[in-house]
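Visitor: Below are the structure tokens for one structure; questions will follow.
The values are calculated or read from the model by the stated rules, or taken from the named source; none is laboratory data. From a predicted model like this one, the values you see are computed outputs, not experimental measurements. Note that we place each Cβ from the backbone using ideal geometry, even for glycine, and neighbour counts take in every protein chain shown. Just so you know, the surface numbers come from the protein's heavy atoms only, side chains and all, with ligands and any DNA or RNA stripped out. Shrake-Rupley method; radii C 1.70, N 1.55, O 1.52, S 1.80 Å.
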Amino acid sequence: MGKWDIKKSVAYLSKNALGKSIGCCAKYVRLAIEAGGLSTEGRPVSAYQYINFLPKIGFKQIEKITGKTKQYNWSHTNAHPGDIAVMNHGKHGHICMWDGKNWVSDFRQNNMWVYAGDGECVIFRYNA
């Protein structure tokens with residue numbers, strides 16, 4: 001396991017985020033992780049599968065949050081740049097990273113949970 005430069009990852013993701021989703025959240029977050037110096041060799045294809053993969057590359061699960069209000073409040077009081085949220089929803093799920101102001105994947109999101117209704121987000125933080 002290498003050392004992760006969170007600032008490089010966040011900068012990469014923020015620079016490359018699009019105006020709207022193109023369905024490539026796992027790719028964009030993966031490329032951001034790699035831009036910070038971590039290998040993602042053996043990575044999964046689907047976003048939801050990162051729940052089991054992130055701990056293998058140095059991330060620790062720190063929280064599970066259900067409901068948009070709780071997710072919003074947590075984001076604006078407890079989130080650190082580089083935190084990653086993973087959702088097991090739909091066929092491939094969703095993954096995004098906190099840049100210090102917003103959750104970002106292949107696009108700059110309005111909320112952690114990007115779907116209709118409420119659901120559970122599993123939050124990971126790099127274990128430096």
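Visitor: Roughly speaking, what is the stretch gain from His76 to Lys101, that is 0.36 nm per residue apart minus the C-alpha to C-alpha distance, in nm to one decimal?
Guide: Full-extension gain reported as 8.2 nm.
Visitor: Taking only DSSP H segments of four or more residues, each worth -39500 (n - 2.57), what value at 222 nm results for the chain once the sum is divided by all its residues, to the nearest 500 deg cm²/dmol?
Guide: Helix contribution divided over all residues of the chain: -8000 deg cm²/dmol.
Visitor: Next question, about the same structure. Given a cut-off of under 8 Å on Cα pairs at least six residues apart, what relative contact order in percent is computed for the chain?
Guide: Relative contact order comes out at 34 percent.
Visitor: Give me the Kirkwood hydrodynamic radius of the chain in Å, from all C-alpha pairs, to one decimal place? Mind dumping the intermediate values first?
Guide: Values: mean 1/r = 0.0708 Å⁻¹.
Computed over the chain, the radius equals 14.1 Å.
Visitor: Å³ per residue of the Cα convex hull, for segment 69-125?
Guide: Details: hull volume 4.4 nm³, N = 57.
Measuring per residue, one finds 77 Å³ for the Cα hull of segment 69-125.
Visitor: Please give me, ordered by residue number, the GluC sites (Glu not before Pro) of segment 14-78 that lie in loop per DSSP and have at most 13 other Cβ atoms within 10 Å.
Guide: Passing both the DSSP loop test and the Cβ count: Glu41.
Visitor: Using a 10 angstrom cutoff on alpha carbons, build the Gaussian network for the chain and name the most mobile of Leu31, Leu18, Leu54.
Guide: Checking each option, the largest mean-square fluctuation is seen for Leu18.
Visitor: Further question: Please identify every one of the trypsin sites (Lys or Arg not before Pro) in segment 52-102 that sits in a loop by DSSP and has no more than 10 other beta carbons within 10 Å of its own beta carbon. Don't jump to the answer; show the numbers that get you there.
Guide: On the way: sites: Lys56, Lys60, Lys64, Lys68, Lys70, Lys91, Lys101; in loops: Lys91, Lys101.
The qualifying sites are Lys91.
Visitor: How many Å² of accessible area per residue for segment 1-114, probe 1.4 Å? Each step should come with its number before you reach the end.
Guide: Working: 6150 Å² over 114 residues.
The answer is 54 Å² per residue.
Visitor: When the Karplus curve 6.51 cos²θ - 1.76 cosθ + 1.60 is applied with θ = phi - 60°, which whole-Hz ³J(HN,Hα) does each residue of segment 63-76 get, with x for Gly and Pro?
Guide: Once rounded to whole Hz, the list reads 6, 10, 10, 10, x, 4, 5, 5, 5, 5, 4, 4, 4, 8.
Visitor: Determine which lysines satisfy two conditions relative to Lys70: a Cα distance under 17 Å, and not lying fewer than 8 residues away in the same chain.
Guide: Lys101
Visitor: What part of the accessible area of the chain, given as a whole %, is carbon or sulfur when the probe is 1.4 angstrom?
Guide: 48
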